[in-house]
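The values are calculated or read from the model by the stated rules, or taken from the named source; none is laboratory data. Being a predicted model, the structure only gives us computed values, none of them experimental. A quick note on method: Cβ atoms are made from the backbone with ideal geometry, for glycine too, and the neighbour counts reach across all protein chains shown.
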Amino acid sequence: MQTPSVSTTFKVAPDGNYQVAVQASQQALSYYNADGTLNSTDPKPDDTGNLMLAIYKNGKWYVNNIQPIAG
């Protein structure tokens, strides 16, 4: 899983959350049997856009929610 794009204005919303737009990119998957032979594969899915809601408290970031951005 990679995040090729992450963007925020760092302006806190009235509910205390920061809104962060996150692009997620996953590689194709391979599934292996216990003996190491390839069982099956799944192709690379499309990248997704997500909205992450996070707060900064006591010197740490906490994620409250991540939802897909519907287009």
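Couple of notes before you dig in:
- Residue within region 11-27 that is among the small types (G, A, S), part of a strand (DSSP E or B) and touching a residue at least 40 places away in the same chain (Cβ under 8 Å) present: yes
- T3 of a type in the set (V, I, T), assigned to a strand (DSSP E or B) and modelled with pLDDT of 95 or more: no
- Just so you know, in region 24-56 the residues that are within 23 Å of T9 (Cβ to Cβ) and aliphatic (A, V, I, L, M) include one that is modelled with the lowest pLDDT, and it is A24.
- In region 28-71, the residues that are under 16 Å from Q2 (Cα atoms) and surrounded by 10 or more Cβ atoms within 10 Å (Cβ to Cβ): L29, K44, P45, D47, T48, G49, N50, L51, M52, I66, P68
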